[in-house]
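Trainee: Quick one: this structure, given as structure tokens, is what I'll be asking you about.
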Amino acid sequence: MSLITRSAMIQARVFPPVKEASERVLWRLGLTMSEAMELFLRRIIVEERIPFDIVALDPVRLGGEGSAPSTKTRAQSDRSRRGRAGGVAKKIF
């Protein structure tokens, strides 16, 4: 069995509270940010798509006063009201 050399670098800019909150969750899961990113990228390869639903969040959900119109469909809105979004926006976005 050969060892895989991990040498490719990815840099990303995120809001510090998002990074800190995600690191706390990953720590509880026993993962590093690098391991989580690799898992994410591998899922993209396997599924040939982003491995989760991407939905537009309205400004109220984000905790802001913005005037951008929501592009959510009725089904997406219904799922959000039922809690399917699962606390996605906790004022860290």
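The values are calculated or read from the model by the stated rules, or taken from the named source; none is laboratory data. Everything numeric here is computed off the predicted structure, so don't read it as measured data. Quick reminder, even Gly has a Cβ in these numbers, built from the backbone with ideal geometry, and neighbours come from all protein chains shown.
Trainee: Taking the range 44-60, which residues are part of a helix (DSSP H, G or I) and of a type in the set (A, V, I, L, M)?
Mentor: The answer is ILE44, ILE45, VAL46, VAL60.
Trainee: Shifting gears a bit: Please work out which residue is farthest from ASP53 (Cα to Cα), limiting yourself to the range 1-43 and to residues that are among the hydroxyl-bearing types (Ser, Thr, Tyr) and not in a loop (DSSP other than H, G, I, E, B).
Mentor: So, considering only residues that are among the hydroxyl-bearing types (Ser, Thr, Tyr) and not in a loop (DSSP other than H, G, I, E, B), the one farthest from ASP53 (Cα to Cα) is SER34.
Trainee: What residue, of ARG74, ARG28, ARG81, ARG42, is of a type in the set (D, E, K, R), surrounded by fewer than 11 Cβ atoms within 10 Å (Cβ to Cβ) and at pLDDT 95 or above?
Mentor: ARG28
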